[in-house]
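Please read the structure below before turning to the comments.
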Amino acid sequence: HQHASGEIMTAAGHHHNHVQQSIACESIVAGETTAPTREFELLAASTSLQLDNGKRVEAWTFNGGSPGPVLRVKEGDRVVVKLRNLDIKDGVTIHWHGVNVPCSQDGVAGVTQNAVAPGEQFTYTFIASEPGTYWYHSHQMSSIQAKMGLVGSLIVEPKSAGEMPASIEVNAFYQDLNSTQLLNGTTGGLTVEGKAGEQVKLRLTNAGNETLHFAIDGAPFKVIAMDGHDLHEPGSLENTLIPVGSGQRYDILIQLPKGTKVIVHSDSMKNLPITLGSGVEPVRAENKGMFSFTDYGTPLLEDHSAKPTPDRSYELILSQSMFIKTINGHAFHEIPPMSVREGEYVQITIINEGGGDHPFHIHGHSFRVWSKNGIPLTGSPVYLDTLLTTKGERYEILLKADNPGLWMAHCHNLEHSSMGMSMMLNYE
Ligand code: C2O
Ligand code: CU
């Protein structure tokens, strides 16, 4: 096991392994490039992990841990990851959540590749073309395998540091390992030192199934990116909860105040606060409002131009009863795919009919959110790969069909996904 600077590390769908659409992607690997190559090795294995609270849990790990290693690369790098499956008997894949990789590298068992059987290996290659906070997880029986621990962070650092580089960066990866909530693999909180005036960039990833609502007490903050995409001139927020849906990432910028700590915490992850800086306990404000991206940040000038006319439109109604989760009244195998042609603009209306949160994830594409409940967004353009929808909400999103292949689109509450709330996006 070499661990130097995270390079070369050892250790590695939904219930979609039965979807025997013989593998649908041409094996296009990201084209020739002179970009630096970063190589990693992930070994998937079953083990039992001794947690820092003394408990021992059965876990499926990458390189002996859950989460697996943080894969940190630079914008433009060619990333090569060799996955080896030691003994996960159903097989393993890796999906690069939020990275618009070529279809053949998307890691969906039964769709873009066969699951990697015990003793076998598969090498993923893609260009990390967009900086941001991403993550990876197995996409073979993903509702089980993610919960069993086959998850990890992927961070693509920007080529240039930007105008206001943060002097402190905190990666915070939340997961639910077999009903034990973990932050970066620990069962306690995270404490980060820092001086008053320093800027902290906090990367929040929700790799569990439930929405996490984060409160940030002690200092104002800005949401600087969602799902890896920067927001344009975001304003300062206070007394505002940040709802991070399953699969989503939020990057937050906080300037450490004088004399007070900053505490980032979530009611549903009570034992996992992040404490930043030093000083006295911050005042914990009650009655916080909920963050909404619909009018946050500043519109770009070119946004005055009209929205592109969609070449196609689809409407997806997400519903659920106790045992089945549906899209337009059907479960996975009965849902017709969304068909698109390369170059088209596709408008998708997503309606949450209730029953809970449905964070809707589309593989291989980032999409722009145009309206919520019929009202167009008025702030920064918002590009996501996972849209959190809550009961009664209706969103219009626009997707540019620029990555040919066969792609999954599904609720990222992976239990819902395995209970039917999954479909395909298909290039004609
Ligand atoms: Cu992060 Cu299809 O999933
Ligand atoms: Cu759902």
Of all the residues that make up region 88-128, how many are surrounded by 24 or more Cβ atoms within 10 Å (Cβ to Cβ), within 18 Å of the chain's Cα centre (by Cα) and β-branched (Val, Ile, Thr)?
5
Being surrounded by fewer than 18 Cβ atoms within 10 Å (Cβ to Cβ) and β-branched (Val, Ile, Thr): is that true of Thr187 here?
yes
For region 326-346, does any single residue satisfy the condition of being more than 28 Å from Thr133 (Cβ to Cβ), touching a Pro at 6+ places or on another chain (Cβ under 9 Å) and either within 16 Å of ligand 2 (Cβ to nearest atom) or among the hydroxyl-bearing types (Ser, Thr, Tyr) (or both)?
yes
Within region 143-162, residues within 16 Å of ligand 1 (Cβ to nearest atom) and assigned to a loop (DSSP other than H, G, I, E, B) come out as Met148, Gly149, Leu150
Among (1) within 16 Å of ligand 2 (Cβ to nearest atom); (2) surrounded by fewer than 22 Cβ atoms within 10 Å (Cβ to Cβ), which single condition is Arg368 missing?
(1)
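Conditions (1) within 11 Å of ligand 1 (Cβ to nearest atom); (2) over 19 Å from the mean Cα position of the chain (by Cα), marked per residue:
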position: Leu384; (1), (2): no, no
position: Leu388; (1), (2): no, no
position: Gly392; (1), (2): no, yes
position: Asp402; (1), (2): no, yes
position: His410; (1), (2): yes, no
position: His416; (1), (2): no, no
position: Met419; (1), (2): no, yes
position: Leu425; (1), (2): no, no
What number goes with the only condition from (1) within 16 Å of ligand 1 (Cβ to nearest atom); (2) surrounded by 24 or more Cβ atoms within 10 Å (Cβ to Cβ); (3) modelled with pLDDT of 95 or more that Asn85 does not pass?
(1)
Check on Ile224, modelled with pLDDT of 95 or more and closer than 22 Å to Gly379 by Cα
yes
Given Gly149, Gly188, which one is out of contact with any Cys (no Cβ under 7 Å at 6 or more places or on another chain), on the phi > 0 side of the Ramachandran plot and more than 16 Å from ligand 2 (Cβ to nearest atom)?
Gly149
When you scan region 92-110, do you find a residue that is in a loop (DSSP other than H, G, I, E, B), in contact with a Lys or Arg (Cβ under 9 Å, 6 or more places away or on another chain) and more than 13 Å from Phe62 (Cβ to Cβ), even just one?
yes
Write out, first by first residue and then by second, each pair whose Cβ atoms fall under 9 Å of each other, whose residues are 6+ apart or on separate chains, and whose first residue, in region 349-370, is on the phi < 0 side of the Ramachandran plot while the second is of a type in the set (Phe, Trp, Tyr) and within 16 Å of ligand 1 (Cβ to nearest atom).
Ile350/Phe360; Asn352/Phe360; Ile362/Trp407; His363/Trp407; His365/Trp407
Within region 364-373, does at least one residue satisfy the condition of being at pLDDT 95 or above, out of contact with any Phe, Trp or Tyr (no Cβ under 8 Å at 6 or more places or on another chain), within 14 Å of ligand 1 (Cβ to nearest atom) and closer than 19 Å to Val101 by Cα?
no
Looking across region 290-336 at residues that are loosely packed, with under 15 Cβ neighbours inside 10 Å and in a helix (DSSP H, G or I), the single one that is nearest to ligand 1 (Cβ to nearest atom) is His333
Report yes if Gln140 is part of a loop (DSSP other than H, G, I, E, B), in the same structural domain as Gly110 (by TED's automatic domain parsing) and within 18 Å of the chain's Cα centre (by Cα), otherwise no.
yes
Only residues that are more than 16 Å from ligand 2 (Cβ to nearest atom) and within 19 Å of the chain's Cα centre (by Cα): list them for region 242-263, please.
Ile242, Arg249, Tyr250, Asp251, Ile252, Leu253
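The values are calculated or read from the model by the stated rules, or taken from the named source; none is laboratory data. Since the model is a prediction, treat every value here as computed from it, not as a measurement. Here the Cβ is made from the backbone with ideal geometry for all residues, glycine too, and neighbour counts use every protein chain on show.
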